[in-house]
Structure formats: structure tokens, C-alpha cells
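The values are calculated or read from the model by the stated rules, or taken from the named source; none is laboratory data. Here the structure is a predicted model, which means the values were calculated and not measured. Note that each Cβ is placed from the backbone with ideal geometry, even for glycine, and that neighbours are counted across all protein chains shown.
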Amino acid sequence: MTNPILSAQTEARIPPWLQPIWDSLNFAKTPHAILLHGQSGIGKFAFAIELAKGLLCETSGGVKPCNQCEACHWFNTGNHPDFIALVPETHRKLLPQENFESDEVPKRSKATKDDVESDSNEKKEKKNISIEETRNAIEGLSIGTHRGGNRVILIYPLELLRSDAANTLLKSLEEPPENTIFLLLADRVERVLPTIRSRCRLLAAPRPERDVGLSWLKNQIHSVAGLTLSESEIEAAYDEQGGAPFAVYDFIITRHHQDDKDELGASIAASRILLQAMAQGASAPWLETAEKIHKVQLGYLLATMQRWVADLQAVSQSGTPRYYPRHLSILQSLSQQAKQAKLLAFWKSLLQARKAENHPLANRIQIEALLSQYQQVFEG
């Protein structure tokens, strides 16, 4: 059975809202480093994969990638010797692979609480880009390309590079090797070192207009995933995920595969628990909620809190909620109870927490502190 998430990324090619960026590219005069940045879940990775293939395509004329030459075939099977992808272990399933259609899903034995806690550091490491892989890849750039053409190095997400790996990358950007092109992707470009940004051609990936994004999403859900969902259900998920079509697609696919126990599924469940708590305002059960959700990736939880508070701020100013329009009545009630100075202070706390979300800190303590502060927003 084909993985529907990967199918969407390979079959969609270039989504319509990113087509203008694609059309602006000149394969004959590609800069040595491109930094594509924008909101998570809008298709940057799918775009970069197609661009990498085009840069390695060996057709002498016509549209690139041609998907006919030997280089394209090697790329599609994940075997092109001049394509290097530096991504966390958690993202490797998104890369071209010869066989990603297996029904075999590795099963884990039932873990004890101690087992889970002892694995926490290892899991955090899997979300980082390995310094060893980065160093080995860059040290090998002095050697000529295997096929005599371009070499492409894709790094995603760029902001997850540790400082030592970022410094290693910077040295190569300052003195770029011949025929080597860096494709760098960032969800949050402000976290990328200014010295790296200044040595790249910056391409800002836009979030699609709502009607364009929804049209693409509905087509993917119906024609690729084969799911039958109501328009209202799709639109609700679209708004909740901030108008990022690829993220919404992943969200819906995971939600409709109840046997899928992966990290995204756990994050979705935790997000719902968190929203239920925040909807209670001053009565939010912060200790109980933190206990239930603290093992989920902190960045995901902080994003959920930011969306909820952004809607609460909008409603407080007589605006309309962007992420949770279905909860308008709850948001209106809470906005009347909220102390605006405290709400603003809480928003600033969330922003500060986002800056350190990838650090190995105690998630439970941070979530408890933030929910306790949120609860106080509604107290006199």
C-alpha cells in the first residue's frame, strides 16, 4: 500500500502557490546556495526535492526534470551519488526511496515508564541533524562529482543545525566548491545565522490563498488518499493547521488511520487535550493536562497554544478567529474574562518559549508553568 503522505508530495510536484517561485528559477544560472523559507507544512520540502532533481537532470534541453534520463531514475530510487540530504532521522521517510510502499510496520514491545524516559535523549537527537553527517558530507566536497555534473546538498530544517554544524556549513558557503549547490530549507528563517542567510539567495515561500489551498487539499484527499470527507471537516482542519495544506493533509491522514501510533498521531491527541484545557480559562486543569501531554514534542504544543491565544487576541479586538472559528462562542466568552495586560504577557512568554523549544529542557515543567500563567490571565 502506497504511503499517502509521500504520494501527495511526489504526485503534487509543484503546488500552485509555489509555481511562481519555480518559474523564476534559471537552471543555467543557479546560485551556489538557495535558502527557501516559509511556514511549515506549505510544501517547501516537496519543492526542494523537485528542484534537486531538476538540477541533477542530464537532459540537454526541454523541461527539467525530464524524469526520463538515467540521473532522474537514480534520483527517484534514492540512489543518485551526487545528491546529499542532511535531515534528521525523523524526516528521512520524506526523501526519494526505492521502496517505501511496504505494509510492514515495525512493532514495538510494550514499554515501561522507565523505558520511555530513558529514550528521551535519543529521540531528541533524532530530531537534530547529525554533526558527524554534516562534517563528513562537507569534507567530501573537495572530491569531484561522480557524474561530472552538479552536486546538490539539501539541508532541512536548517534551523535545527547545531552551532558546530552551522559553522561547518558556513565555511563551505564562504568558499563554495565547484558545481555544488546548497538547497537550504527553514521554517523559521529568523533562527538561521545571519552569516548563513547573507550568503544565500533567499526565496520566501508564501502560504496559499485559502481557496487555492483548499482546492489542492481536497483533490489530494479524494484522489490520492481515497478518503471521503465532508467539506466542513476539511475546512475545519485547514483552519486549525494555520492554512498549511501539506500539514493539514498529514493531519487528516494520521487521524484517519487509527492504527498509526506514530509521533504525529500522539501530537494530534495531545493538541486536543491542550485545547480542551485552555477552553476552560481560569478553571484550566494545568497540572493534570501537563501530566497527559508533556511527552509530546514541545514545539507542537507551543504552536497549538500560540494559535489559540492569537485567536483569543483577535476576538478580544472584535476580529474573527483564524485557527479555531468553530470555537467562536468559547473564544468570545474567554475574551470578556481575559485581562489584556496578562494576555499580552502570556503571549510574550510563548514567544520566549519557542526560542528554546529544541533545548533539552524539562517539558513538563515548562508546560505546567505556561498553563498556570494562562489560567491567571482570567483571574482578577
Across (1) of a type outside the set (Ser, Thr, Tyr); (2) modelled with pLDDT under 90; (3) touching a helix residue (DSSP H, G or I) at 6+ places or on another chain (Cβ under 9 Å); (4) assigned to a helix (DSSP H, G or I), residue 98 clears everything bar (4)
For residues that are assigned to a loop (DSSP other than H, G, I, E, B) and at pLDDT 90 or above, scanning just segment 259-292, find the one that is nearest to residue 375 (Cα to Cα). 284
Filter segment 54-86 for residues that are assigned to a helix (DSSP H, G or I) and free of Cβ contacts under 8 Å to residues at least 24 places away in the same chain; the one that is farthest from the chain's Cα centre (by Cα) is 70
Kindly provide the set of residues from segment 322-380 that are of a type in the set (Val, Ile, Thr) and farther than 15 Å from residue 312 by Cβ, ordered by number. 365, 367
Odd one out for residue 36 among (1) surrounded by fewer than 20 Cβ atoms within 10 Å (Cβ to Cβ); (2) modelled with pLDDT of 95 or more: (1)
Would you pick out the residues in segment 204-221 that are of a type outside the set (Gly, Ala, Ser) and either in contact with a Phe, Trp or Tyr (Cβ under 7 Å, 6 or more places away or on another chain) or crowded, with 19+ Cβ neighbours inside 10 Å (or both)? 206, 208, 212, 214, 216, 217, 220, 221
Scanning segment 222-249 for residues that are farther than 19 Å from residue 40 by Cα and not small (Gly, Ala, Ser), which turns out surrounded by the fewest Cβ atoms within 10 Å (Cβ to Cβ)? 228
Condition (residue is in contact (Cβ under 8 Å) with a residue 24 or more places away in the chain and of a type in the set (S, T, N, Q)) applied to segment 275-282: is it met by at least one residue? no
Which pairs have Cβ atoms under 6 Å, sit 6 or more apart or on different chains, and link a residue in segment 239-254 that is on the phi < 0 side of the Ramachandran plot to one that is among the polar types (S, T, N, Q)? 244/39; 247/241; 248/241; 249/220; 251/241
